[in-house]
Amino acid sequence: MAISAKDLIEKKKLIEDKKEKQIQIEVPETGTFLFRIPTLIDYEDADAYGKKRKSGYEENKFLIHSCCLEPNLKDPELLEAYGVKNPVDILDKIFMVGEVSTIASTLVEKAGFKKDAYKVV
C-alpha cells in the first residue's frame, strides 16, 4: 500500500532530521572529519565548479569542501600553513586522490543516491 499524505505529515520531523543529518568520516592517518549531507545547491555548485575546470575530481573536491563542518577548511591559518590560495585546493594537500573520491562517494550515498537502498514494489 502506498504512503498517504497523512503518513507524510506524521513523518515530517523524521524527514527533516534526515536532511539535516551530520556524518563523521574517519580518514586513516589523518583524522575524523564532520560533514553535513549535501543539498541540491551543493551538487549544482560542485557540478559548475567541475565543468569550469573540466574535471570530475575538482567537482568532488568542491563538494567535500562545501560540506565539511569540522575542521574549518576555510581557516586562513590552515590555508597559509599549506601554502594554498584557492581554499578548495587544501584538499589536495591533506588527502590522497583516492580519499577524495571515497569521501565524495560517501557524501553522495548519504544524500540518498544509493542504488540498492530502494526497491520497486
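The values are calculated or read from the model by the stated rules, or taken from the named source; none is laboratory data. These figures come from a predicted structure and were not determined experimentally. Glycine gets a Cβ as well: all are built from the backbone with ideal geometry, and neighbour counts include every protein chain shown. Protein only, heavy atoms only, side chains kept; ligands, DNA and RNA dropped before computing areas. Shrake-Rupley method; radii C 1.70, N 1.55, O 1.52, S 1.80 Å.
A few points about this structure:
- Cross-link pairs K54/K74; K52/K85; K61/K85; K13/K110; K18/K52 - those with Cα-Cα distance over 21 Å: K54/K74; K18/K52
- Within the chain: Cβ-based charge dipole about Cα centre, in debye rounded to nearest 20 (Lys, Arg +1; Asp, Glu -1): 580 debye
- Options N60, L73, T39, ranked by Cα towards positive dipole end of segment 10-80, top entry (Cβ charges): T39
- When the residues L91, L78 are ordered by accessible surface, computed with a 1.4 Å probe over the protein chains alone, the sequence from largest down reads L78, L91.
- The chain - percent relative contact order, Cα under 8 Å, separation 6 or more: 22 percent
- Remark: the chain carries 73 Å² of accessible area per residue (probe radius 1.4 Å; ligands, DNA and RNA excluded).
- The chain: angle of helix 40-52 to the longest principal axis, Cα-based, in degrees nearest 10: 40 degrees
- Listed residues D92, D42 arranged by accessible area, highest first, probe 1.4 Å: D92, D42
- For K93, the aspartates and glutamates whose Cα comes closer than 19 Å to its Cα, not counting residues fewer than 8 places off in the same chain, are E26, E29, E58, E59, E70, D75, E77, E80.
- Dividing the radius of gyration of the alpha carbons in segment 1-120 by their Kirkwood radius gives 1.05 for Rg/Rh.
- Element breakdown for segment 45-119 at a 1.4 angstrom probe: carbon and sulfur atoms account for 52% of the accessible area.
- Förster radius 30 Å - calculated FRET efficiency between Q24 and M1, Cβ distance, rounded to 0.05: 0.25
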